[in-house]
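Scroll down for the structure; my scribbles are underneath it.
The values are calculated or read from the model by the stated rules, or taken from the named source; none is laboratory data. This structure is a prediction, so every number in the text was calculated from the model and none was measured. Cβ sites come from the backbone with ideal geometry, for glycine too, and all protein chains shown count toward neighbours.
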Amino acid sequence: MPSVISPEPPALPTWKRPAPTKVDLPWADISIIDISTFDEPGGKEKLAKQLQHAVETTGFFSVTGTGFTDEEVTRQYSIGQAFMNLPKDIKDKPELRCDFGKGNYFGYRAANQAGEKKVMGTEVLDNVESVNIAKFIPELASEPRHEFFNPYLAEIEGFSRRSLALASKIFTLFALILELPHDYFSSKHLYSSKSEDHLRYMIYRPRSAAQDALVDNRWSRAHTDFGSLTLLWSQNVAGLQIKTKEGDWKYIPPVDGGIICNVGDAMQFWSAGYLKSTIHRVTRPPADQDHIHRLGLFYFVRPGDEVDIAPRRRRC
């Protein structure tokens, strides 16, 4: 009996990683953790010690040795790029939109959605597009998902599941730092549990220098992330900045093969303030990158919908 062979998904233009900036910028000094040693004897404990200073100060760090290959990451960026390059009338379907104001985080959000996204009281329009893809579980099967992604769902699902698996390792390190049971946080972020986790493709469209000057070169307002943990695959275009405890703004440096991670508000609350959720923003890139459409690939981790995040902290 002949076997059924799934058709190959349509070919996509390959995303090209932008060159790093040559401009001398005030870079933040953030920890880089090689998580490939996680399963070695004593590996978790050593990694927790390396990570402790980062999470109790800036809340930002980078991880390497994650198991994600450059080809896999490039492929996800290529999928995101192809979607963002679709004509607006094809990708922006009303029934597939997310609406942050109504607490709906899945689906597509257009730049200047509904014409109301003006920046800082000026006539300058918001320049950010994003699409959020929910976890691949039955409880979320009815959430909006554009048909463009259908040929690539197996790849996207695999990437999504591995993203949370990586986050679970980081949650284990958080638990060790706080002297809690190893699975204290990871058991409350299961892929099978209904939550607002999502894989996100996001793009910042370049604006003119004159427009950006009107809004202090801000591409994203200063904010904290309100989930548990954010993963951002490094992509070289400078712009992401954190606010230091001294009140200075410093750029987060890209790391070859790395993933930038930051603690969210839920985890700061959960740890009674020990793990820090830091204010950050995105600004206009330096002159040698300000023409680039700044594409980002993220995984946002949220606790399960029924999880109690009452503050828990043992470490003094």
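General remarks:
- Note on the stretch 222-259: among residues that are crowded, with 18+ Cβ neighbours inside 10 Å and among the aromatic types (Phe, Trp, Tyr), the one that is nearest to residue 291 (Cα to Cα) is 251.
- When every residue of the stretch 226-233 is checked against the conditions, at least one turns out to be within 23 Å of residue 68 (Cβ to Cβ) and not in a strand (DSSP E or B).
- Of the candidates 49, 88, the single residue that is at pLDDT below 95 and not aliphatic (A, V, I, L, M) is 88.
- Matching residues, the stretch 274-313, being outside any strand (DSSP E or B), more than 30 Å from residue 85 (Cβ to Cβ), in contact with a Ser or Thr (Cβ under 9 Å, 6 or more places away or on another chain) and of a type outside the set (D, E, K, R): 277, 278, 279, 303, 307, 309, 311
- Extreme residue, farthest from the chain's Cα centre (by Cα), among residues of the stretch 234-260 that are charged (D, E, K, R) and part of a loop (DSSP other than H, G, I, E, B): 246
- Answer from 131, 124 - the residue that is at pLDDT 95 or above, of a type in the set (Val, Ile, Thr) and in contact with a strand residue (DSSP E or B) (Cβ under 7 Å, 6 or more places away or on another chain): 131
- Matching residues in the stretch 161-176 - criterion: being free of Cβ contacts under 8 Å to residues at least 60 places away in the same chain and hydroxyl-bearing (Ser, Thr, Tyr): 168
- Test for residue 195: is it buried (at least 17 other Cβ atoms within 10 Å of the Cβ), in contact with a helix residue (DSSP H, G or I) (Cβ under 8 Å, 6 or more places away or on another chain) and of a type outside the set (Val, Ile, Thr): no
- Within the stretch 61-90, considering residues that are within 16 Å of residue 13 (Cβ to Cβ) and of a type in the set (D, E, K, R), the one farthest from the chain's Cα centre (by Cα): 71
- Residue 49 touching a residue at least 60 places away in the same chain (Cβ under 8 Å) and basic (Lys, Arg): no
- Residue that is surrounded by the fewest Cβ atoms within 10 Å (Cβ to Cβ), among those in the stretch 54-67 that are modelled with pLDDT under 95 and over 20 Å from residue 182 (Cβ atoms): 57
- Flag: residue 130 does not match the condition of being closer than 30 Å to residue 101 by Cα, of a type in the set (Gly, Ala, Ser) and either surrounded by fewer than 18 Cβ atoms within 10 Å (Cβ to Cβ) or without any contact (Cβ under 8 Å) to a residue 24 or more places away in the chain (or both).
- Residue check, residue 270 aromatic (Phe, Trp, Tyr) and buried (at least 23 other Cβ atoms within 10 Å of the Cβ): yes
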